[in-house]
Amino acid sequence: MIRNVLIASAAAIGLSACGATTQGAVTGGALGAAAGAVIGNNTGSGDARTGAIIGGVVGATAGAYMGCRHDGGCQWNRNNRHHSQLYYDQRYGRYYYVDSRDGRTYWQNGEFRG
């Protein structure tokens, strides 16, 4: 179990080329899983696996949010210099923008589009 957490932590560090939201989610998830495993193992029933799962989910959520905030906001706004103008996707009936740093597209609400 601890070996898997260490592998996940090493993988998170290696994802430095990803956007801040993705990198934050991966790093937060790995660190949360590691902390959860240690805490879960040393408290209560000694269940490291459950602690790692809970810690990973909480860490990934917090990391993604922090990364998104670092990028200038989780939703499109005119003040984020990395967002393009909004485009309309007729197939899905939704607006999206293009991140000028990596070319990825995101829906107007900040969700990854593809």
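Go through the stretch 89-114 residue by residue and tally those that are farther than 21 Å from residue 66 by Cα and charged (D, E, K, R).
Qualifying residue count for the region: 3.
A quick yes/no check of all residues on (1) within 25 Å of residue 113 (Cβ to Cβ); (2) surrounded by fewer than 17 Cβ atoms within 10 Å (Cβ to Cβ); (3) modelled with pLDDT of 70 or more; (4) out of contact with any strand residue (DSSP E or B) (no Cβ under 7 Å at 6 or more places or on another chain):
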| position | (1), (2), (3), (4) |
| --- | --- |
| 2 | no, yes, no, yes |
| 5 | no, no, no, yes |
| 27 | yes, no, yes, yes |
| 43 | no, yes, yes, yes |
| 50 | no, yes, yes, yes |
| 61 | yes, yes, yes, yes |
| 64 | yes, no, yes, yes |
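Of the residues in the stretch 29-41, how many are within 22 Å of residue 64 (Cα to Cα) and buried (at least 20 other Cβ atoms within 10 Å of the Cβ)?
Within the stretch 29-41, residues that are within 22 Å of residue 64 (Cα to Cα) and buried (at least 20 other Cβ atoms within 10 Å of the Cβ) number 8.
The values are calculated or read from the model by the stated rules, or taken from the named source; none is laboratory data. All of these numbers come straight from a predicted model, not from anything done at the bench. Here the Cβ is made from the backbone with ideal geometry for all residues, glycine too, and neighbour counts use every protein chain on show.
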